[in-house]
Amino acid sequence: MLIKIHESYRKIVALCDSDLIGKTFSEGKKQIEIKSSFFQGEEKNKEELIEILKDLEKEDATFNIIGKESIEAALEARIISKDGIITIDNIPVALVLM
């Protein structure tokens, strides 16, 4: 999984499964493009990501989470719930604004 933290007035966290970089998914009116400029970051394992996500949640960050593995890590970190997940072409997506 890849994580990239963008610095703005608050931290914006881009988290996605490594194999999704550069791909575009669409379903009906929904579409998402996994741009490397936004999502290409550091490769981390699930345990590392859970800790990072928990810490960033305390900092009032926003989260863009794409892919099955990344969604699983975010669920375990308790920054999202199953109700907040949508799918686009069978790819789970969650956006969290704190």
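Could you check region 1-55 and list, in sequence order, the residues that are surrounded by 14 or more Cβ atoms within 10 Å (Cβ to Cβ) and of a type in the set (Asp, Glu)? If the condition is that a residue be surrounded by 14 or more Cβ atoms within 10 Å (Cβ to Cβ) and of a type in the set (Asp, Glu), then 17, 48 are the ones that fit. Hey, does region 39-50 have a residue that's modelled with pLDDT of 95 or more and touching a Phe, Trp or Tyr at 6+ places or on another chain (Cβ under 8 Å)? Within region 39-50 (the criterion being modelled with pLDDT of 95 or more and touching a Phe, Trp or Tyr at 6+ places or on another chain (Cβ under 8 Å)), the answer is no, since none of the residues qualifies.
Scanning region 56-88 for residues that are over 22 Å from residue 30 (Cβ atoms) and touching a residue at least 60 places away in the same chain (Cβ under 8 Å) yields one hit, 73.
Scanning region 43-98 for residues that are within 21 Å of residue 8 (Cα to Cα) and outside any strand (DSSP E or B) yields a count of 14.
The values are calculated or read from the model by the stated rules, or taken from the named source; none is laboratory data. Bear in mind that the values here come from a model prediction, so they are computed numbers and not experimental data. All Cβ positions, glycine included, derive from the backbone under ideal geometry; neighbour counts span all protein chains shown.
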